[in-house]
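Below you'll find the structure, written out as structure tokens, and then a few comments.
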Amino acid sequence: MLRWDTKYTPYLIIAPFFVIFGIFGLYPLLFTGWVSLNDWHLIDGATRFVGLDNFSVLLSDPNFYNALLNTFSLFLMSTIPQLLLALGLAALLDRGLRGRMFWRAGVLLPNVISVAAVALVFAQLFGRDFGVVNYLLGLVGIDPVDWRANTWSSHIAVSVMVIWRWTGYNALLYLAAMQAVPKDRYESAMLDGAGRWRMFWSITVPSIRPTIIFTVITSTIGGLQLFTEPQLFDPGGTGTGTGGSDRQFQTLTMYMYEKGFRLFDAGYAAAIAWVLFLVVLMVAIVNFVLTRRIAKGS
């Protein structure tokens, strides 16, 4: 019994995780793959097996490439400024400020607020006729911008929404990592005459490199699956997933939503989901290779 306990108990302890993962993770993934190989109506179910036809149609679909381009554009415009601002904000919070706990709790507030409320507020801020942003632009002589009408303007508006919501969250992750950096490193650098800016880039940033890599990976996955912010930014098309009158800010997840829940073409939507999964997987592999190289270099 002791030998059996020593050999099999560890597997019994970790078994619940794999059971839950198999039910809620692996099975939906495999079932989605099977749906993508069929002409599958969302309500009526499968009608016939079509093999890879959904994927071949998808790869020749201009709306798919438009959504893919929008996805990467919104991802880059929101993630890069977001992480840079979070890094700078964490550096400010790491200093001896008065009311430090108040400021640290305050930066997390945007992440706690409902995303629907955030989208509602920003939709008013970027309103064409009575928006606050256009009012401020008018004060410096810039004509009002129809933020939803054009690709670049809608991407800026949605990116600002994402940046506002997630910068504080990443800043607290960076702050926790910064506070774990040994203080003697800064003392030695000060004795050598290093300034605050030099210490930040030569000591702080290399020391919190694993946290930076973690936030880059999670922000990449979240950015490529962006849905709620652009979906709620289009009040006239909410529920359709078109992302504007000319699909100017439609992401891949929005296109999948449109095909699956508006047009009831579950097979085509499943093919989009699998392509999105492969895109995220490829980016994750690139991040993994980059992480290993950085780890070996350090």
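Seen from all directions on average, segment 139-265 presents a Cα convex hull projection of 11.6 nm².
Mean sequence separation of contacting Cα pairs (under 8 Å, at least six apart), scaled by the length of the chain, corresponds to a relative contact order of 27 percent.
Projecting label points 7 angstrom from Cα along Cα→Cβ for F21 and V289 puts them 2.4 nm apart. Taking the inverse of the mean 1/r over every pair of distinct Cα atoms in the chain gives a Kirkwood hydrodynamic radius of 22.4 Å.
Modelled this way, with points 7 Å down the Cα-to-C-beta line, the labels at D184 and V121 are 4.5 nm from one another. What the chain shows is 59 Å² of accessible area per residue, with the surface traced by a 1.4 Å probe over protein heavy atoms.
How long is the gain from F214 to D61 if the chain were fully straight, where each residue apart is worth 0.36 nm and the alpha carbon distance is subtracted?
Values: separation 153, 0.36 × 153 = 55.08 nm, distance 3.39 nm.
Taking 0.36 nm per residue and subtracting the Cα distance, the gain is 51.7 nm.
Can you work out the FRET efficiency for the pair V140 and L84, with r the C-beta to C-beta distance and R0 = 30 Å, to the nearest 0.05? With R0 = 30 Å, the Cβ-Cβ based efficiency is 0.75. Taking the Cβ of L87 as the center, what net charge do the other residues with Cβ under 15 Å away carry, scoring Lys and Arg +1 and Asp and Glu -1? With Lys, Arg at +1 and Asp, Glu at -1, the net is +2.
Which loop-located trypsin sites (Lys or Arg not before Pro) does segment 42-151 contain, where loop means any DSSP state but H, G, I, E or B and the Cβ has at most 10 other Cβ atoms within 10 Å? Walk me through the intermediate numbers first.
On the way: sites: R48, R95, R98, R100, R104, R128, R148; in loops: R95, R98, R128, R148.
Of the trypsin sites (Lys or Arg not before Pro), the ones in loops of segment 42-151 whose Cβ has at most 10 other Cβ atoms within 10 Å are R95, R98.
Modelled label positions at R98 and L278, each set 7 Å beyond Cα in the direction of Cβ, lie 5.9 nm from each other.
Give me the percent relative contact order of segment 103-225, please, defined on Cα pairs under 8 angstrom at least 6 residues apart. Write out the running numbers ahead of the final one.
On the way: 72 pairs, mean separation 27.8, N = 123.
Relative contact order of segment 103-225: 23 percent.
Suppose R0 equals 22 Å; then what is the FRET efficiency for S245 and F72 from their Cβ-Cβ distance, rounded to the nearest 0.05? About 0.55, to the nearest 0.05. Distance between Cα centroids, segment 147-170 to segment 251-272: provide it in whole Å. Computed from Cα coordinates, the inter-centre distance equals 23 Å. Computed from the Cβ-Cβ distance with R0 of 35 Å, the FRET efficiency linking D44 to I113 stands at 0.30.
The values are calculated or read from the model by the stated rules, or taken from the named source; none is laboratory data. Keep in mind it's a predicted model, so treat the numbers as computed, not measured. Here the Cβ is made from the backbone with ideal geometry for all residues, glycine too, and neighbour counts use every protein chain on show. Side chains are part of the model used for accessible areas, which takes the heavy atoms of the whole protein and leaves out ligands, DNA and RNA. Shrake-Rupley method; radii C 1.70, N 1.55, O 1.52, S 1.80 Å.
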